1. Any idea which of (1) touching a helix residue (DSSP H, G or I) at 6+ places or on another chain (Cβ under 8 Å); (2) open to solvent by 20 Å² or more (accessible area, probe 1.4 Å); (3) within 20 Å of Ala312 (Cβ to Cβ) is the one Ser343 doesn't satisfy?
2. Go through (1) acidic (Asp, Glu); (2) surrounded by fewer than 22 Cβ atoms within 10 Å (Cβ to Cβ); (3) closer than 30 Å to Arg203 by Cα for Glu382 and report which single condition fails.
3. Pick out the one residue from Ala248, Ala216 that is more than 23 Å from Gln376 (Cβ to Cβ) and of a type in the set (A, V, I, L, M).
4. Hey, does the stretch 415-423 have a residue that's within 23 Å of Leu305 (Cβ to Cβ) and exposed (fewer than 15 other Cβ atoms within 10 Å of the Cβ)?
5. When you go through (1) surrounded by fewer than 16 Cβ atoms within 10 Å (Cβ to Cβ); (2) free of Cβ contacts under 8 Å to residues at least 40 places away in the same chain one by one for Asp316, which number turns out not to apply?
6. Give the residues of the stretch 429-457 that are surrounded by fewer than 20 Cβ atoms within 10 Å (Cβ to Cβ), under 19 Å from Glu272 (Cβ atoms), of a type in the set (A, V, I, L, M, F, W, C) and at pLDDT 95 or above, sorted by residue number.
7. Specify the residue that is nearest to Arg295 (Cα to Cα); the eligible residues are those in the stretch 37-56 that are open to solvent by 10 Å² or more (accessible area, probe 1.4 Å), touching a residue at least 12 places away in the same chain (Cβ under 8 Å) and not in a loop (DSSP other than H, G, I, E, B).
8. Of all residues in the stretch 281-296, which are open to solvent by 10 Å² or more (accessible area, probe 1.4 Å) and small (Gly, Ala, Ser)?
Amino acid sequence: MKICLIAEGCYPYVVGGVSSWVHSMIRTWPEIKFILVTIIPDRSTSAMFKYELPRNLTAVYEVYLNDQDWVRGSRRGKKRTKLKEKEYRALRSIVSDEAVDWNTVFELFQKRKFSVDDLLMGADFLNIVKEYYQKRYPYIGFSDFLWTMRSIYLPLFLVLKTRLPRADIYHCVSTGYAGVLGSMAEYIYQSGLLISEHGIYTREREEELLKAEWVAGIYKNVWMDQFQKMSRLAYDRADVVTSLYAHARELQIGMGCPEEKTRITPNGISAEQFQGLPGKNAEDEGYINVGAVLRVAPIKDVKTLIRAFAFAKEKDARLKLWIMGPTDEEEDYAQECYDLAESMKIPDIVFTGRVNVRDYLGRMDFTILTSISEGQPLTILESFAAKKPVVATDVGNCRGLIYGDGDRCGTAGILTHVMNITEISQAILDLAASEKRREEMGACGYQRVYKNHRIQKMKHTYETIYQEIGWAHGVPWSNYEEK
């Protein structure tokens with residue numbers, strides 16, 4: 001069996017939870033051949049991998065959302081790309097989002113040779129946009145609307161021109177552009193399609209758009225419509241759609257995913273790796289160590305973490321904050337965090353950069369995560385495996401991990417509201433004040449990981465799904481033997 005993983009904006013260029021999950025999936029079945037199709041913004045980060053690729057990852061194909069158009073457009077005196085009537089109707093159906101004829105769209109971009117730039121600047125696309133504009137947005141300026149539509153459809157059209165490697169199962173790590181590629185592969189090769197969402201892609205893009213300054217007013221809605229239609233395509237074409245926890249599954253169903261396709265597949269970790277970690281050393285004497293294992297990036301809201309720690313530090317001088325994770329992926333934001341800590345004159349904040357968390361986690365008294373968006377954070381599971389309680393914001397499945405979903409393991413930390421400096425600061429103080437409470441919560445987390453989130457359980461779940469999809473498409477799981 002050959003499995004093609006399709007990922008957007010993560011592995012192997014970015015260190016983080018989703019990337020770690022992808023890396024773990026490939027390594028879990030060393031006898032299975034994996035291919036990776038990875039979607040990145042442009043060629044500037046091409047082949048800049050942050051992971052040592054497993055030997056059974058046999059090929060990596062890059063797809064760029066912004067790229068040179070390598071197909072020569074129309075020369076002077078020659079007509080631009082002209083769509084056939086069926087192709088025109090199919091393209092119009094995407095823009096209008098009415099009974100989208102994706103099959104014809106796939107064939108158009110896979111079988112015909114034409115310039116994407118030429119198509120976007122041609123009369124057919126202009127007329128389609130005009131019709132949509134007059135129907136939905138006639139009260140705004142047309143010129144800006146037309147250029148916005150071109151910017152929206154350029155990455156989609158470049159993705160649709162991608163020549164995909166053949167595989168038995170296409171496993172998309174999100175919907176969005178990855179889901180489009182997986183759906184196109186399902187149609188072209190009649191292969192199996194699995195969609196695994198760690199966060200709900202459409203919701204995450206909507207949150208980003210609401211805060212974005214580069215897109216204003218009604219255009220936020222136009223972009224949101226685009227992401228929604230891509231997610232519906234993936235949900236419709238997939239054999240199975242997974243999520244990490246029950247509420248995420250409910251969101252998928254609410255956005256049009258057929259309920260019978262959905263599965264809950266919790267994250268799993270190799271809990272044994274976090275046993276017997278080195279404990280505190282002489283440097284830690286007299287300190288309460290607070291560990292934040294994260295990428296220094298806006299989505300992790302490190303600035304709120306720093307401010308909350310500053311208030312807590314004023315009341316408990318023993319506190320020391322360790323921010324452990326890469327700082328080179330959002331360098332401007334990282335610099336803003338350094339400057340914030342310096343301007344507030346906060347002592348005892350350490351930015352370690354990228355580290356092996358196992359070298360530090362045993363020294364921590366508890367860990368903290370102040371993200372504004374998460375799925376089911378692996379860093380929380382790793383903390384639990386090391387018997388460390390967690391302070392976390394109420395995003396993704398953090399509530400379920402801390403309180404449990406009826407698993408009777410107890411409370412494993414403190415939950416706070418997003419960006420609430422007062423709550424986060426008090427939570428830090430509460431855990432710092434009681435070693436007994438930290439030990440009790442850490443034990444609850446440890447029990448939760450071993451009961452619900454071990455890598456062996458995740459492996460069994462996905463192996464069952466792969467087998468099910470493979471058999472449905474005539475590809476048995478025959479070349480893998482348990483060792």
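The values are calculated or read from the model by the stated rules, or taken from the named source; none is laboratory data. Just so it is clear, the structure is predicted and the values come from calculations on it, not from any experiment. Positions of Cβ are backbone-derived with ideal geometry, glycine not excepted, and every protein chain shown enters the neighbour counts. Calculation scope for accessible area: heavy atoms of the full protein, side chains included, ligands and nucleic acids excluded. Shrake-Rupley method; radii C 1.70, N 1.55, O 1.52, S 1.80 Å.
1. Result: Ser343 fails condition (1) only.
2. Of the numbered conditions (1) acidic (Asp, Glu); (2) surrounded by fewer than 22 Cβ atoms within 10 Å (Cβ to Cβ); (3) closer than 30 Å to Arg203 by Cα, the odd one out for Glu382 is (2).
3. Details: Ala248 fails: more than 23 Å from Gln376 (Cβ to Cβ).
Just a single option satisfies the conditions, and that option is Ala216.
4. Kept after step one, since they are within 23 Å of Leu305 (Cβ to Cβ), are these residues of the stretch 415-423: 415-423.
In the following step, the residues that additionally are exposed (fewer than 15 other Cβ atoms within 10 Å of the Cβ) were identified as 417, 422.
Within the stretch 415-423, one or more residues are within 23 Å of Leu305 (Cβ to Cβ) and exposed (fewer than 15 other Cβ atoms within 10 Å of the Cβ).
5. Only one criterion in (1) surrounded by fewer than 16 Cβ atoms within 10 Å (Cβ to Cβ); (2) free of Cβ contacts under 8 Å to residues at least 40 places away in the same chain is unmet by Asp316, namely (2).
6. Ala443 - this is the single residue of the stretch 429-457 that is surrounded by fewer than 20 Cβ atoms within 10 Å (Cβ to Cβ), under 19 Å from Glu272 (Cβ atoms), of a type in the set (A, V, I, L, M, F, W, C) and at pLDDT 95 or above.
7. The extreme case among them is Thr45.
8. Ala282, Gly286
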